[in-house]
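The values are calculated or read from the model by the stated rules, or taken from the named source; none is laboratory data. The structure displayed is predicted, hence computed values, not measured ones. So basically every Cβ, Gly included, is an ideal-geometry build from the backbone, and we count neighbours across all protein chains shown.
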Amino acid sequence: MREAIRVAWQRLRSTTSHRSVEEALDEEMTTHFELLASRFINQGMSPEQARIAARRQFGGVTQLKESLRDSRSYPAIEWLLQDFAQALRQIRTAPRFMVSAATILALGIGAITAMFSVVNAALLRPLPYAAAERLVWIGEVLKRNTADEVTLTPNFLEWRRRSQVFSAMAAYNPVPRTLMTDDGAQPLNTVKASAALLPVLEANTLLGRPFLPNEDHKGQDRVAILSYGLWQQAFGGERAVIGRSIKLDDGSYQVVGVLPREFYFPTLPSIDLMTPLGKNEAAELTRAEGTTTVVRNVIARMKPGVTIERARGEMETIESNLAPPDFLSGVQMSVKVIPLQDRFVGDLRRGMLTLMCAAGCFLLLVCVNVASLLLGRGETRRKEIAIRAALGASRGRVIQQLLVESLVLALLGSGIGMVIAFGLRNLLLHLIPRTLPRPMTFPFDAKS
């Protein structure tokens, strides 16, 4: 095995070191020729006769060199390297054609790459939660003179109690609040959330603990969980922050946990702090006037094997058996169940797919134009190809040379296209509204 590897390595070095191999072959053949001529001289021939006899016995020098070269190298790799060298010479001999074709190709590649990176980030990549495909957003639609999406708290409590298709259900309301510190007031984006929110998202805290179920109730809700960013910015990343009392504009709260850096709330904008939902559930379930409140968002995790159609059907059945409170008598109410990702990208999906199709059509036109340029270029090279064939080049070698030239053109266009794609990506980053609960980044990966 070791000897085979050594021989293969020597052949590969001989393939890539063409000039040194040629010099070694010339030196070796000259040595053998001189030894053969000396043997004939020792047999009584004159030097001239010995050289003629040696040349006759030695045979064709060119053929012998070709045979030795093939036995000491990899001809296919050598031919490929020669084809690449010839393709690079074509760039120097026909710069206008190569630059024009590569630029046209780059525009198509740049457009489709940038657009696909956006579609991949927004539509194809899952949300940053475990088994995100099982997460759904649920809301009630109130239809009178408007179509507001809002959920009555008692109805949410009934959904949570009666549903059989969800493993957990949570509600949350975004609330702007202010953190009071020694340095002054700091505005925060916060949420009031059910204790089940982190279990629904299958997330946990970095420090401390999540909310306890009893802390969902009003009067027991004076606890808070900090985001990683707020923990670092306002509290210096101190682990002793757990158990510390902080003051918000609506009262004092005790910090019981800190969320991981990679956690993102299923809402926009990003959230700095969360406190319990704090509902008086017993009063809410009476549906008495003046006690019914609302929640803005409800998310749930479907049990394994449950489809969105089954979940929607069950929720519609439960909703049809819930009577609206007196102050909403005569209002038509319906329930809406959609995948959580559709909640964030639903309005953008059609526009993104339309742009993706347009970019694909543009790339198709680019390929047609480049093919036309290559056909025209081929007509001007008919004499060159005929000379190659006359010198002994086979049809396969000619086709290989043309394919390598096309490959070099494609690589050149791809390189320029990636630069264009970076520019278009940054433009799209500013034009497309941020609708996902994670950093809107458009990475270029193997899928792009």
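Tell me, yes or no, whether segment 337-353 has at least one residue that is more than 30 Å from Met115 (Cβ to Cβ), in contact with a helix residue (DSSP H, G or I) (Cβ under 8 Å, 6 or more places away or on another chain) and part of a loop (DSSP other than H, G, I, E, B). No: zero hits.
Among the listed residues Ala282, Ala311, which satisfies the condition of being surrounded by fewer than 20 Cβ atoms within 10 Å (Cβ to Cβ) and either outside the structural domain of Gly243 (by TED's automatic domain parsing) or modelled with pLDDT under 90 (or both)? Walk me through how you get there before you give the answer.
On the way: Ala311 fails: surrounded by fewer than 20 Cβ atoms within 10 Å (Cβ to Cβ).
From the options Ala282, Ala311, the qualifying one is Ala282.
Step by step: first the residues of segment 318-354, then only those that are polar (S, T, N, Q) and surrounded by 12 or more Cβ atoms within 10 Å (Cβ to Cβ), then the one that is farthest from the chain's Cα centre (by Cα). Which residue is that? Ranking the candidates gives Ser334 first. Of the residues that make up segment 376-384, is at least one surrounded by 12 or more Cβ atoms within 10 Å (Cβ to Cβ), in the same structural domain as Leu407 (by TED's automatic domain parsing) and in contact with a Phe, Trp or Tyr (Cβ under 7 Å, 6 or more places away or on another chain)? Looking through segment 376-384, at least one residue is surrounded by 12 or more Cβ atoms within 10 Å (Cβ to Cβ), in the same structural domain as Leu407 (by TED's automatic domain parsing) and in contact with a Phe, Trp or Tyr (Cβ under 7 Å, 6 or more places away or on another chain). Contact annotation: residue pairs with Cβ atoms under 6 Å, 6 or more positions apart or on different chains, pairing a residue in segment 119-135 that is under 20 Å from Gly305 (Cβ atoms) and surrounded by 13 or more Cβ atoms within 10 Å (Cβ to Cβ) with a partner that is modelled with pLDDT of 90 or more and charged (D, E, K, R), are Arg134/Arg301; Leu135/Arg301.
To keep it simple, each residue is scored yes or no on (1) buried (at least 17 other Cβ atoms within 10 Å of the Cβ); (2) in contact with a strand residue (DSSP E or B) (Cβ under 7 Å, 6 or more places away or on another chain).
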{"site": "Met169", "(1), (2)": "yes, yes"}
{"site": "Leu179", "(1), (2)": "yes, yes"}
{"site": "Gly184", "(1), (2)": "no, no"}
{"site": "Leu201", "(1), (2)": "yes, no"}
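Checking the structure you have, find out if any residue of segment 366-389 is assigned to a helix (DSSP H, G or I), within 20 Å of Val408 (Cα to Cα) and either under 23 Å from the mean Cα position of the chain (by Cα) or aromatic (Phe, Trp, Tyr) (or both). No, segment 366-389 contains no residue that is assigned to a helix (DSSP H, G or I), within 20 Å of Val408 (Cα to Cα) and either under 23 Å from the mean Cα position of the chain (by Cα) or aromatic (Phe, Trp, Tyr) (or both).
Pro174 - would you say it is in a helix (DSSP H, G or I), of a type outside the set (S, T, N, Q) and in contact (Cβ under 8 Å) with a residue 60 or more places away in the chain? Spelling it out, it is not the case that Pro174 is in a helix (DSSP H, G or I), of a type outside the set (S, T, N, Q) and in contact (Cβ under 8 Å) with a residue 60 or more places away in the chain. When Thr178 is tested against the conditions (1) over 35 Å from the mean Cα position of the chain (by Cα); (2) closer than 23 Å to Glu284 by Cβ, the lone failure is (2). Among residues of segment 200-258 being assigned to a strand (DSSP E or B) and among the hydroxyl-bearing types (Ser, Thr, Tyr), the one that is farthest from Leu188 (Cα to Cα) is Ser245.
Being touching a Lys or Arg at 6+ places or on another chain (Cβ under 6 Å) and either of a type in the set (Lys, Arg) or in a helix (DSSP H, G or I) (or both): is that true of Arg301 here? Yes: the conditions hold for Arg301. When Lys192 is tested against (1) within 19 Å of Leu322 (Cβ to Cβ); (2) buried (at least 20 other Cβ atoms within 10 Å of the Cβ), only condition (1) is not met.
Tell me, which helices (runs of 4 or more DSSP H) wholly within segment 42-161 include 2 or more residues that are under 30 Å from Thr31 (Cα atoms) and modelled with pLDDT of 75 or more? Break it down into steps so the answer makes sense when it comes.
Details: elements: 47-58, 61-72, 75-93, 95-119.
The qualifying helices (runs of 4 or more DSSP H) are 47-58.
From the list Leu230, Leu226, Leu248, exactly one residue is among the hydrophobic types (A, V, I, L, M, F, W, C), over 24 Å from Thr151 (Cβ atoms), touching a Lys or Arg at 6+ places or on another chain (Cβ under 8 Å) and touching a residue at least 40 places away in the same chain (Cβ under 8 Å). Which is it? Result: Leu248 is the single residue among Leu230, Leu226, Leu248 that is among the hydrophobic types (A, V, I, L, M, F, W, C), over 24 Å from Thr151 (Cβ atoms), touching a Lys or Arg at 6+ places or on another chain (Cβ under 8 Å) and touching a residue at least 40 places away in the same chain (Cβ under 8 Å).
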